[in-house]
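Heads up, the thing below is written out as structure tokens.
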Amino acid sequence: MQQFFKILFATLLALVLFTIIGFVSLIGIAAGASSAGEETVIEDNSVLMLDMNDPVMEQGSKDPFAALSNAPTHTMGLNQIILSLKEAKTDDRIKGVYIKTGVCPVGWATLQEIRSALIDFKSSKKFIYAYGEIADQKSYYIASVSDHLYMNPIGGIEFNGLSLTGTFYKGTLDKLDITTEAFHCGKYKGAYEPYKLDKFSEPNRYQLGVLLSDLYSTFLQAVSQKTGTDTATLSKMANEGLVKFPKDAVANKLIDGVLYADSVEKLIKKELALKEKEKISFVSPDEYAEGVTSTVKSKDKIAIIYAEGAIYDGEGDEDIHSKDMTKVIRKIGLDETIKAVVLRVNSPGGSALASEVIYHELMELRKKKPIVVSMGNYAASGGYYISCAADSIFADENTLTGSIGVVGVMFNVGDMMKNKLGVTTDVVKTGTYSDFPNMMRPMTDGERTWIQSYLDTTYNLFKSRVAMARNLTMEQVEELAQGHVYSGRLAKDLKLVDGFGNVDRALQSVAGMAKLKTYKIVEYPKPVDKIEMILSSLSGKKREDAAIKKMLGEDYKVYQEVQKIRSQQNQIQAIMPWQIDIR
């Protein structure tokens, strides 16, 4: 008995100590979070630094508790970059911009908006330097704006044209004895292809080729402005692989010279009139944007709703979820100080049902306030569906949009369960369709007809939304639909969007509709409360996802696709073929 009490007291003491240590740790983290939230002091003679190796989301975010889950402590927001460049243009404390090239994980429409903001910044006559040890085509596209562009003498530069790689899972499914049945409306609607085919279908290959050609044309025009070389010569240069090393880039006027990093810093110090031992005060866009405060006195507001990521039913922490979006839209509708809305869409689509739910809520909101859409990298399929609720739509030339169509993939894991695990099932039912859908057996002809009929109905509803939004007949929409993905440039020619422009252009348009001369901007969704951050960071799922991402690296995208299959299995989807990554 004495031994029992010793063990009991030791256990209780350990629990008390663990609780105290955990509490103290949380206080320390919270204190760190509090200090992290303090305003950054911008020194005179500062330089705004853009690191093109970092990912860029629509909204910037900070997670001071990210260390608990091995996640990044902050994510740069496009809104922060655009705001910082706009403000720095007239801020005497900021003397110039420094761009770090590298391997850029950012979409082409986002890059186009950043590049436009940099071009606008140049009108201030302040300097822009760019430098990197390596430069892929995305980071070079941004760096080509600079007044002075240098690279490491033995670094690497990519200049060989654009490409798109699709990942197909049919072989994996075959090995696992998993069979699929695909249903789709539109010959270009290729979202089923990764699970049914082992390569692009010819219609899909054709449309992706046209898309690449459009984006490549924009890229070459930008390079032509930098080099003074015509686009045909530049294209020939890329096709022949003439640019392999920085010295080749110098010879072909792609860059201004080769230097090491310390030499570039000396050039910047000279611009700033700094002594050799003095340090350059670099400031990041998120740090700079935090200190920007609105001086507008108006009580009137325009809300910006960020719809970023795939579209799902219900609610969740990331992406676009119909229940969460409904709450935001209704809240804005009840706020009488909000006079107009900009919907920023950066989505490849997702659940057709969730897209319709969000569309309906936006249409109800539009009865009270004007809505203008600004499209980002993607506003396709379900992303285009919800955009149809707006009074007008603006896109970037590099936006991927359209993809008006629906798709469904049904999975049969019966053979896998039987052959790999020895598991079989049997069913007793009262009717023909009582056990439908059923992933443990093949579909019947009647079930196939049922699914295709449901898809056809959803497809016709989608087309009717487009017809009403774009003032087109159903026949005209059908010609544009078929699941075809377009660049923003072609979408404008086809009248699927009203014009080119970013969030600022959308704000100007919707302010005019609401007859507002002055207004404040409020952004949704709102930043997460710090206590919620703690709980989220401590949650098992977030820690699990962070660990998987760290372990898989680039293969994390494949893992996400598998998870997508699980979450969307046997659902009707309004989604692009896949998360298109053009490099």
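The values are calculated or read from the model by the stated rules, or taken from the named source; none is laboratory data. Everything numeric in this text was worked out from a predicted model, so none of it was measured. Every residue, glycine among them, receives a Cβ derived from its backbone with ideal geometry; neighbour counts consider all protein chains shown.
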Output the residues belonging to region 305-321 that are crowded, with 20+ Cβ neighbours inside 10 Å and over 18 Å from the mean Cα position of the chain (by Cα). none
Selected residue (criterion: modelled with the lowest pLDDT) from residues of region 60-95 that are part of a strand (DSSP E or B) and under 23 Å from Val47 (Cβ atoms): Lys62
Residue, surrounded by the fewest Cβ atoms within 10 Å (Cβ to Cβ), within region 352-380, restricted to residues that are free of Cβ contacts under 8 Å to residues at least 60 places away in the same chain and within 23 Å of Ile572 (Cα to Cα): His360
Report yes if Met468 is in a helix (DSSP H, G or I) and under 30 Å from Leu212 (Cα atoms), otherwise no. yes
Test each condition in (1) more than 31 Å from the chain's Cα centre (by Cα); (2) crowded, with 17+ Cβ neighbours inside 10 Å; (3) at pLDDT below 95 for Ser298 and report the one that comes out false. (2)
Criterion first (closer than 15 Å to Phe159 by Cβ and in contact (Cβ under 8 Å) with a residue 12 or more places away in the chain) does Lys236 satisfy it? no
Would you tally the residues in region 364-398 being within 14 Å of Lys495 (Cα to Cα) and not in a loop (DSSP other than H, G, I, E, B)? 6
Meets criteria (surrounded by fewer than 19 Cβ atoms within 10 Å (Cβ to Cβ), out of contact with any Asp or Glu (no Cβ under 9 Å at 6 or more places or on another chain), closer than 30 Å to Ser46 by Cβ and modelled with pLDDT under 95) for Lys244: no
Taking the stated definitions as given, is Phe183 outside any loop (DSSP other than H, G, I, E, B) and under 30 Å from Phe411 (Cβ atoms)? yes
Out of all the residues in region 298-351, which are outside any strand (DSSP E or B), acidic (Asp, Glu) and within 21 Å of Gln573 (Cα to Cα)? Asp313, Glu315, Asp317, Glu318, Asp319, Asp324
Against the definition (surrounded by 22 or more Cβ atoms within 10 Å (Cβ to Cβ) and of a type outside the set (Ser, Thr, Tyr)), how does Ala135 come out, yes or no? yes
Those residues that are outside any helix (DSSP H, G or I) and of a type outside the set (A, V, I, L, M), I need them from region 221-242; list them, please. Gly228, Thr229, Asp230, Glu240, Gly241
Residues of region 399-458 being assigned to a loop (DSSP other than H, G, I, E, B), surrounded by 14 or more Cβ atoms within 10 Å (Cβ to Cβ) and of a type in the set (Gly, Ala, Ser), in sequence order, are Ser403, Gly405
Selected residue (criterion: farthest from Ile99 (Cα to Cα)) from residues of region 262-297 that are polar (S, T, N, Q) and in a loop (DSSP other than H, G, I, E, B): Thr295
State which residue is surrounded by the fewest Cβ atoms within 10 Å (Cβ to Cβ) when the search covers only region 323-351 and only residues that are among the polar types (S, T, N, Q) and within 24 Å of Val510 (Cα to Cα). Thr337
Quick check on my filter: what residues within region 473-498 are more than 21 Å from the chain's Cα centre (by Cα), more than 17 Å from Tyr459 (Cβ to Cβ) and not hydrophobic (A, V, I, L, M, F, W, C)? Lys492, Asp493, Lys495, Asp498
Go through region 152-173 and count every residue that is in a loop (DSSP other than H, G, I, E, B), surrounded by 15 or more Cβ atoms within 10 Å (Cβ to Cβ) and touching a Pro at 6+ places or on another chain (Cβ under 8 Å). 3
Go through region 476-497 residue by residue and tally those that are assigned to a loop (DSSP other than H, G, I, E, B) and crowded, with 18+ Cβ neighbours inside 10 Å. 6
